[in-house]
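Worksheet for the structure shown next.
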Amino acid sequence: MKLGSQRIDLAPLNAAELSLATENYAELQQHLGLNAISAELDDDMQYAMKIRLKKVRQEPEHYLWLTNWAIIHQKDQCIIGFIILKGYPNEKGEVTIGYVIDEKYRRRGYATEALRTINTWILSHPQAIYVIADTEKDNIASHKVLERLGSERYLETEDLIWWRIAKELS
């Protein structure tokens, strides 16, 4: 399965691909038929891949809701970031996500485009009512992305702001 928009595609990583990402990120990119712009993942993404791999192995039938989705730049044919889905809709209809864009591709609208694409897919699910994301208080660029998508601030802690995008009910 792949989701697409004007400039990017989103590809969910299966268990084998998540495992390959943790072992040899350059090889994963080659496996996906993409150009390798980065030889390895940073420590935070390496950790996120391992957590997602564990979750996907526990519930392979729900892997689309538990994995990292690669954000693929169509023109450059490379991974420029990831969207992390942290589970299928909970009892409140919430799906929590995280995201990261490679520094070389930031401030060009790719995060907005990727999140708009995944949000459309998430909110098309009958049980999904909200997409939830958190940002560090000083991450102004992410705040702007989420505001452009129509997110509302609904919770703040000492370090984080929690954002919520609601399904449009007709």
Using alpha-carbon positions, the gyration tensor of the stretch 1-85 gives root eigenvalues a ≥ b ≥ c; with a/c under 1.5 called rounded, otherwise prolate if a/b exceeds b/c, else oblate, the class is oblate
Rounded to the nearest 10 Å², the 1.4 Å probe accessible area of residue 152 is 90 Å²
Result for the stretch 79-164: accessible area per residue, probe 1.4 angstrom, in square angstrom, of 53 Å²
The helix 110-123 Cα axis meets the longest alpha-carbon principal axis of the chain at an angle in degrees, between 0 and 90 and rounded to 10, of 70 degrees
Contact order relative to length for the stretch 43-169, counting C-alpha pairs under 8 Å separated by 6 or more residues, stands in percent at 16 percent
Rh (Kirkwood, all Cα-Cα pairs) for the stretch 85-141, Å, reads 12.4 Å
Within the chain, the percent of DSSP beta bridges that are antiparallel, given to the nearest 5, stands at 85 percent
The value for the chain (convex hull of the alpha-carbon atoms, volume per residue, Å³) is 123 Å³
In degrees rounded to 10, the 0-90 angle between helix 43-58 Cα long axis and the longest Cα principal axis of the chain is 80 degrees
Nearest-0.05 FRET efficiency for residue 1 and residue 108 at R0 = 41 Å, using Cβ-Cβ distance, is 0.95
So the number of lysine pairs in the chain with alpha-carbon atoms under 20 angstrom apart, 8 or more residues apart or on different chains, is 10
Label model pair residue 160, residue 75: point-to-point distance (7 angstrom along the Cα→beta-carbon line) in nm is 3.5 nm
SASA check, residue 40, accessible area w/ 1.4 Å probe, all protein chains in place, rounded to nearest 10 Å², comes out at 140 Å²
Sorted by accessible surface (1.4 Å probe, heavy atoms of the protein chains only), largest first, 31, 143 come out as 31, 143
Whole-Å distance linking the alpha carbon centroid of the stretch 136-170 with that of the stretch 48-75 is 23 Å
In the chain the accessible area split gives carbon plus sulfur, as whole percent at 1.4 Å, a share of 46 percent
Checking the stretch 1-71 for trypsin sites (Lys or Arg not before Pro) in a loop per DSSP with at most 12 other beta-carbon atoms within 10 Å yields 2
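The values are calculated or read from the model by the stated rules, or taken from the named source; none is laboratory data. Everything numeric in this text was worked out from a predicted model, so none of it was measured. Here the Cβ is made from the backbone with ideal geometry for all residues, glycine too, and neighbour counts use every protein chain on show. With ligands, DNA and RNA removed, areas are computed over all heavy atoms of the protein, side chains included. Shrake-Rupley method; radii C 1.70, N 1.55, O 1.52, S 1.80 Å.
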